[in-house]
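I have placed the structure first, in the form of C-alpha cells, so that the comments after it can refer back to it.
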Amino acid sequence: MTKLSPLQIERLKYQPKLPSSLQNGVNSLELVEGSATQSVRDQEQIKALFANTYGKPTVTFKSTSSASKSEVKNVGVILSGGQAPGGHNVIAGLYDALKSANPENKLYGFLGGPSGIIDGKYIEFTDEFINEYRNTGGFDIIGSGRTKLETEDQFQESYNVCQKLGISAVVIIGGDDSNTNAALLAEWFVKNKTGIQVIGCPKTIDGDLKNEQIEISFGFDTATKTYAELIGNIQRDANSAKKYWHFVKIMGRSASHVALEAALQTQPNITLISEEVEAKKMSLSSIIDYMSDIIVRRANNGKNFGIAVIPEGLIEFIPEMKSMIANLNDIMAELESDPSFINATTIRDKFAIVEHRLDDENAKVYNSLPSIIKEQLLADRDPHGNVQVSKIETEKLLIEMISSKLSELKSNGEYIGKFSAQSHFFGYEGRCAFPSNFDADYCYSLGYNAFALINFGLTGYLSSVRNLTAPADKWIAGGIPLTMMMNMEKRHGEMKPVIQKALVKLNGPVFKQLQDNREDWAMNDRYLFPGAIQYFGPSSVCDITTVTLQLERNKELASV
Ligand code: FBP
C-alpha cells in the first residue's frame, strides 16, 4: 500500500455529516415538489431547446418512517472541469447512498472527464478502492477533463456505453460548463426515450455556480481558505521586510468571488473586483491610476510595501479589453483551422494576421499590449470557447504599467518612494487541498443526495443542499432543474444554451464589506493572518464557513 502522510491517515477516519433528512438512507424519503421553474433568461429559446426537461419544479426531501424497496441500479459518475477540493467525497457519498439503498447497485467511474463516457473508459468502484480516497483532495480517483458534450455522435456513444454497462443514471460533477453538458445529455436521453437519468453536482472553486437553491459550489470554501492562508503569510513577510509590493493574482476565471473572499479573510491594501471595473467602465489606465495613487500615498507615509489582490478574470472585464477579446474570440474560432495562421513562422506574423482582422479600435487596444500578453491572448480557447485567463499574466502587466507610471510621477517630483514588486499567481495551489470540514460534509451530502434524486426517477436536476450556515443536520436536501440556470451566450462564435455564471453582486453584502473598509485597509495595515485550514480542534476554528456564505445567508435570512 502507498505510504500515507499522518494527516491523510487521520482524515480517512473522518465521518462526514449528512442533513437529518438523509440520515435514515435514501429508501426512507418523501419527495416534496416546489413550484414550476423557468430559465434565468431567454425563456422561449431555452424552452424550445429543452422541450423535455424544461420547467420542472424544484424538489426537497423529507425523511419518512416507512422504508421502500429500491430496485437494482447501475450508475456512472464523471468528474468534469477544473479540480475542486471535495470531489472524492461527492463520489463517496454517492457510493454509500447507492450501496445502502441496495447492496447489488453498482457505481462506475468514467475516466478522464466527459470523454470517458464517450470512449467507454471506466472503472467499477469497490469498498477498498473508494476507502483510500475518503476526505482527500484532488480528482485523481478517476481523473477529470473538459470535453464538451454536444454532438449527436457523442450522445449516441454515451448511450451505447451506458447500455453496455446497464447504467440507468449518470452523475456529472462539474461547474457551469460541465452542468451545461449534463443538461444537454439529460435532454437527449429523454428525447430518445433511453430511460437514462442525468444528475449534476455543483462544483467549482470559482463560486460562480449559485442561486438561492445552490448557496455555494463545493471547493470554494477550501480553496479560498488556502489562498487566504498564503496571502496572510505574504502580508506578514511584506510587513516584516517592508520592501516589496506583492501583486497576487487569484483564480476564478470570470467572477471575482474567490479574490473577494480571500480579501475579506486577509484585508490587503488593494483589492480589484472585476465586476466593479466593468460597472464603472474603468479603462486599463484608470486602474493603473487607482493603484498608483494608493502606492504613492503609502510611500508618502514611508510605506514602500503592500499587497494587491487581483482577480484572474480581470482582463475580460476591462471594457476596452472585453470588446477586443470578444472580437478576438470570433477571429480565433476561424483562425484555429486557418493554415496561414497555424503555419505562421513567427509570433510577429501571428500578431500581424490578428491585427489585420480585428476591428480598428480593437486592433489599437491589442497592439498597445506588451508582446507577452498579446501572445498569451492567442493561446487556445478551452473546449467551451473560454479564453484561458489562467495563462494571461495580468499581475505582471499591471506591475509593468504601474512602474512606468511611477517613473513618470517621479520625474515630475510627484512620487518620492521606491517601487519594487513581486508577482504571484494562486490557483492550482488551492484546487486539490484536503477538503475543509465544511467541504468534506457538503460534498458527501451532495453525492448522497444525488442518489436520492436518482432514486425518485428525476433527470436534468442539480443536487442541492442548502441552509449551509446552520449545522449539517439542519441542511435542506433537494434538487433544482438545470434549465433553471440557463441562458443563451456566444461561444466559439455561435449562440449556445449555457448555465449563466453568477457574478459578484455590487449591491450585495459581500462587496459592501470590502467597499466600506477599502480606504482604511489601503492606508492602515489591517492585515489578518488566517493561517492553515484546521481539521481537528475547536469548532470555532475548524467549522467556520466563508465570509461570503455568512454574509449572503444572513441577508437572505433577514429578508424572510
Ligand atoms: P471549473 O469552472 O471547471 O471549476 O474550473 C475553474 C478554474 O479553476 C478557473 O478558476 C481557472 O481559470 C481554470 O479552471 C483553469 O483551468 P485549467 O485547469 O484547465 O488550467
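The values are calculated or read from the model by the stated rules, or taken from the named source; none is laboratory data. Everything numeric here is computed off the predicted structure, so don't read it as measured data. Virtual Cβ from ideal backbone geometry, glycine too; neighbours counted across all protein chains shown. For the accessible areas, the whole protein counts, side chains as well, though only heavy atoms, and no ligand, DNA or RNA atoms are used. Shrake-Rupley method; radii C 1.70, N 1.55, O 1.52, S 1.80 Å.
Mind checking which pairs have a first residue in region 159-182 that is farther than 27 Å from MET485 by Cα and a second that is surrounded by fewer than 24 Cβ atoms within 10 Å (Cβ to Cβ) and of a type in the set (S, T, N, Q), Cβ under 8 Å, 6 or more apart or different chains?
Note: pairs meeting the criteria are LEU165/ASN74; GLY166/ASN74.
Among all residue pairs at least 6 apart or on different chains, which show Cβ distances below 6 Å where the first residue, located in region 235-257, is polar (S, T, N, Q) and the second is in a loop (DSSP other than H, G, I, E, B)?
GLN235/TYR527; SER254/GLY313; SER254/LYS501; SER256/ILE273; SER256/VAL504
Within region 441-499, how many residues turn out to be among the β-branched types (Val, Ile, Thr) and open to solvent by 20 Å² or more (accessible area, probe 1.4 Å)? Steps first, answer last, please.
To start, the set of residues in region 441-499 that are among the β-branched types (Val, Ile, Thr) comprises 454, 459, 465, 469, 476, 480, 483, 498-499.
Imposing the further condition that a residue be open to solvent by 20 Å² or more (accessible area, probe 1.4 Å) reduces the set to 459, 469, 476.
Total satisfying the criteria: 3.
May I ask you to list the residues in region 293-315 that are in contact with a Lys or Arg (Cβ under 7 Å, 6 or more places away or on another chain) and buried (at least 23 other Cβ atoms within 10 Å of the Cβ)?
Matches in region 293-315: PHE305, GLY306, ILE310, GLU312, GLY313.
Kindly indicate which of GLY143, GLY137, GLY82 is assigned by TED's automatic domain parsing to the domain that holds LEU22, assigned to a loop (DSSP other than H, G, I, E, B), within 16 Å of the ligand (Cβ to nearest atom) and in contact with a Pro (Cβ under 6 Å, 6 or more places away or on another chain). If you could, list the steps in order and put the result at the bottom.
Working: GLY143 fails: in contact with a Pro (Cβ under 6 Å, 6 or more places away or on another chain); GLY82 fails: in contact with a Pro (Cβ under 6 Å, 6 or more places away or on another chain).
None of the other options fit; the residue is GLY137.
Could you grab me the full set of residues in region 275-287 that are under 19 Å from GLU400 (Cα atoms), outside any loop (DSSP other than H, G, I, E, B) and open to solvent by 10 Å² or more (accessible area, probe 1.4 Å)?
At the first step, the residues of region 275-287 found to be under 19 Å from GLU400 (Cα atoms) are 282-287.
Among the residues that remain, those that are also outside any loop (DSSP other than H, G, I, E, B) are: 284-287.
Within region 275-287, LEU284, SER285, SER286 qualify.
Which of the numbered conditions does GLY113 fail, given that it passes all the others? Conditions: (1) more than 16 Å from the ligand (Cβ to nearest atom); (2) assigned to a loop (DSSP other than H, G, I, E, B); (3) not polar (S, T, N, Q).
Among (1) more than 16 Å from the ligand (Cβ to nearest atom); (2) assigned to a loop (DSSP other than H, G, I, E, B); (3) not polar (S, T, N, Q), the lone unmet condition for GLY113 is (1).
Report, by residue number, each residue of region 108-126 that is in contact (Cβ under 8 Å) with a residue 24 or more places away in the chain and under 22 Å from TYR14 (Cα atoms). Before you say what the answer is, go through the steps one by one.
Looking only at region 108-126, we keep the residues that are in contact (Cβ under 8 Å) with a residue 24 or more places away in the chain, and these are 108-120, 122, 125.
Hit for region 108-126 is PHE125, nothing else.
Out of ALA182, ALA186, report the one residue that is buried (at least 24 other Cβ atoms within 10 Å of the Cβ), within 16 Å of the ligand (Cβ to nearest atom) and in a helix (DSSP H, G or I). Give the steps one after another, and end with the answer.
Values: ALA186 fails: within 16 Å of the ligand (Cβ to nearest atom).
That would be ALA182, the only listed residue that is buried (at least 24 other Cβ atoms within 10 Å of the Cβ), within 16 Å of the ligand (Cβ to nearest atom) and in a helix (DSSP H, G or I).
Taking region 219-268 on its own, how many of its residues are under 13 Å from ARG431 (Cα atoms) and surrounded by fewer than 24 Cβ atoms within 10 Å (Cβ to Cβ)?
0
Please give the number of the condition ASN449 fails out of (1) within 19 Å of PHE218 (Cβ to Cβ); (2) within 15 Å of the ligand (Cβ to nearest atom); (3) touching a helix residue (DSSP H, G or I) at 6+ places or on another chain (Cβ under 7 Å).
(2)
Criterion first (loosely packed, with under 14 Cβ neighbours inside 10 Å and either in contact with a helix residue (DSSP H, G or I) (Cβ under 7 Å, 6 or more places away or on another chain) or under 22 Å from PRO311 (Cβ atoms) (or both)) does PRO370 satisfy it? Give the derivation first.
Numbers: loosely packed, with under 14 Cβ neighbours inside 10 Å: yes; either in contact with a helix residue (DSSP H, G or I) (Cβ under 7 Å, 6 or more places away or on another chain) or under 22 Å from PRO311 (Cβ atoms) (or both): yes.
Yes: the conditions hold for PRO370.
Return the residues of region 1-30 that are of a type in the set (A, V, I, L, M) and open to solvent by 50 Å² or more (accessible area, probe 1.4 Å); say none if nothing qualifies.
Looking only at region 1-30, we keep the residues that are of a type in the set (A, V, I, L, M), and these are 1, 4, 7, 9, 12, 18, 22, 26, 29.
Passing the criteria: MET1, LEU7, ILE9.
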